[in-house]
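Every number here is computed from the coordinates shown, using simple stated rules; none is lab data. Predicted model only: the values in this text are computed from it and were never measured. A quick note on method: Cβ atoms are made from the backbone with ideal geometry, for glycine too, and the neighbour counts reach across all protein chains shown.
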């Protein structure tokens with residue numbers, strides 16, 4: 001690939017940065033990082049490429065993807081190799097070989113580092129250490145792997161690398177054979193930078209074989225490629241020119257040497273200028289990308305804060321409802337407990353009242369039985385008392401049962417209860433009775449104790465009117481005033497002195513206690 005193509009790649013990468021702005025671990029973001037590293041590599045920006053490759057490795061590790069791990073280790077090996085850190089480079093290449101596998105890869109993957117890349121890069125690196133066996137093995141495997149998947153560039157590079165191994169062991173003829181195969185494949189696949197490297201190797205091989213004419217033809221072919229393709233990979237162009245300069249210097253060809261050196265200087269100057277432009281473009285794009293990322297991260301943080309606030313508010317509302325629900329539950333539970341206690345007390349009172357009444361009935365029955373033959377009048381009197389007390393027991397039981405029912409569940413309203421009792425009691429004494437009871441009395445008087453006590457107060461008052469008042473008219477009013485319940489019972493009778501009544505044992509204190 002030539003320089004113009006990599007400059008265009010950089011522009012497209014800048015555009016992609018706008019589409020993938022967030023620094024998240026994803027396959028697309030990994031491709032963005034490593035393609036950027038590749039652009040740096042072919043523009044000889046090694047430190048920038050190393051930085052991107054490290055980020056790519058972190059992302060590959062986070063994604064736990066073996067294909068991406070192999071690719072990351074290969075890039076790291078390349079950059080460490082180019083900054084003369086061979087030991088670290090070898091370690092990364094070997095790690096990459098643990099994860100790499102032959103294509104095809106799943107369709108979501110772009111073209112990534114393959115087994116022949118790792119073997120070839122490792123072979124070229126350890127060739128510098130003087131061990132010839134391992135470089136040959138790795139480069140041979142690289143050629144086999146590339147041939148297996150019909151990867152022309154990999155095949156051409158494999159032949160060129162094997163040629164380098166043969167040159168290192170002074171087998172120029174075998175080297176020349178491999179370089180020739182490599183240049184044929186490279187020209188066919190239009191990998192002109194690889195073809196340039198092969199021409200460089202062929203020139204060196206011809207030089208060692210003292211084939212001056214063939215050597216010049218190889219160099220001329222290389223220079224022809226440089227002139228017809230001025231944007232060819234500058235790194236490989238400089239490798240070729242260094243070879244040509246070395247040969248021209250050894251042969252004393254000053255004219256060709258000067259031309260080669262001038263071309264090298266021009267390429268180096270162009271390389272520096274291009275790198276400066278590239279760095280400026282990268283820095284500007286990087287600043288814009290970082291600003292955009294920061295802006296998006298701030299927006300994301302604000303959205304998260306807003307979401308957290310919403311969740312907190314919902315949680316507080318939920319807790320409030322729970323507290324209210326608990327308080328309501330406790331209130332009704334306490335009400336149930338209170339009602340249960342009242343009912344228990346009423347039941348106990350009823351039990352005691354009925355027990356006492358039954359004892360009285362038993363006594364009355366015994367007296368009536370004993371007096372039946374000797375004193376019939378006494379027996380009849382006892383029977384009448386039994387009847388009267390039985391009626392009173394039944395009435396008290398009905399009153400207690402009625403008081404324990406709420407107004408809505410009772411068939412007899414408060415008004416009917418008072419009316420029935422008064423009409424039956426006061427009619428016998430020719431006492432006219434009127435009443436004025438508020439319509440919603442049953443809805444207002446809901447407490448068991450209140451219903452019971454109000455009824456008992458009314459009945460006790462009407463009993464006293466019937467027995468002692470000598471009245472002709474009586475009345476009862478029941479209403480609310482300022483949230484207070486007011487009951488007024490009055491008659492037109494003779495009245496009574498409260499002190500005298502207390503002395504006579506009237507149970508006025510009962511009414512005071514109940515009210």
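Could you list 265, 485, 192 so that the one with the fewest beta carbons within 10 Å of its beta carbon is first and the one with the most is last?
Details: 265 11, 485 15, 192 21.
With the fewest neighbours first, 265, 485, 192 line up as 265, 485, 192.
Principal axis lengths of the range 115-266 from Cα atoms, whole Å, largest first?
The Cα atoms of the range 115-266 stretch 44, 31, 24 Å along their principal axes.
Across every pair of different alpha-carbon atoms, what Kirkwood hydrodynamic radius in Å does the range 404-487 reach? Intermediate values should be presented prior to the final figure.
On the way: mean 1/r = 0.0744 Å⁻¹.
Computed over the range 404-487, the radius equals 13.4 Å.
Translational diffusion coefficient, Stokes-Einstein: compute it for the range 113-165 using the Kirkwood radius over C-alpha pairs as Rh, at 10 °C and 1.306 mPa s, and state it as an integer in µm² s⁻¹.
Numbers: Rh = 10.3 Å.
Roughly 154 µm²/s, to the nearest whole number.
Rounded, prolate or oblate: which fits the range 434-477 when a ≥ b ≥ c are the square roots of the eigenvalues of the alpha-carbon gyration tensor, with rounded for a/c under 1.5 and prolate only if a/b beats b/c?
Details: a/c = 6.31, a/b = 1.72, b/c = 3.67.
Here the range 434-477 falls in the oblate category.
Please give the peptides 431-443, 175-187, 120-132 ranked by average Cβ packing (other Cβ atoms within 10 Å per residue), highest first, as a rough proxy for protection.
175-187, 120-132, 431-443
Report the FRET efficiency, 1/(1 + (r/R0)^6), for residue 470 and residue 380, where r is their Cβ-Cβ distance and R0 is 30 Å, rounded to 0.05.
0.55
Over all directions, the average projected area of the alpha-carbon convex hull for the range 184-228 comes to how many nm²? Walk me through the numbers on the way to the answer.
On the way: hull surface 11.3 nm².
Result: 2.8 nm².
Within 10 Å of each residue's Cβ, count the other Cβ atoms and sort 303, 35, 249 from fewest upward.
Working: 303 10, 35 18, 249 14.
Exposure proxy ranking, most exposed first: 303, 249, 35.
Could you give the length gained by full extension between residue 24 and residue 190, i.e. 0.36 nm per residue of separation minus their alpha carbon distance, to one decimal place? Please report the intermediate quantities before stating the final value.
Numbers: separation 166, 0.36 × 166 = 59.76 nm, distance 3.70 nm.
Contour length minus the Cα-Cα distance gives 56.1 nm.
Quick one: grab the alpha carbon gyration tensor of the range 76-147, order the square roots of its eigenvalues as a ≥ b ≥ c, and give me rounded if a/c is under 1.5, else prolate or oblate depending on whether a/b is larger than b/c. The partial results should precede the final answer.
Details: a/c = 2.63, a/b = 1.46, b/c = 1.80.
Here the range 76-147 falls in the oblate category.
How far apart, in nm, are two points set 7 Å out from the Cα along the Cα-to-Cβ line at residue 152 and at residue 486?
A separation of 11.4 nm, rounded to one decimal place.
Using every Cα-Cα pair within the range 190-279, state what percent have a distance larger than 22 Å. Intermediate results must be reported in sequence, preceding the final value.
Values: 975 of 4005 pairs.
Looking at the range 190-279, the distances longer than 22 Å represent 24 percent of pairs.
Neighbouring Cβ atoms within 10 Å as the yardstick, rank 79, 332 fewest first. Can you show the working numbers first?
Values: 79 25, 332 10.
Lowest count first: 332, 79.
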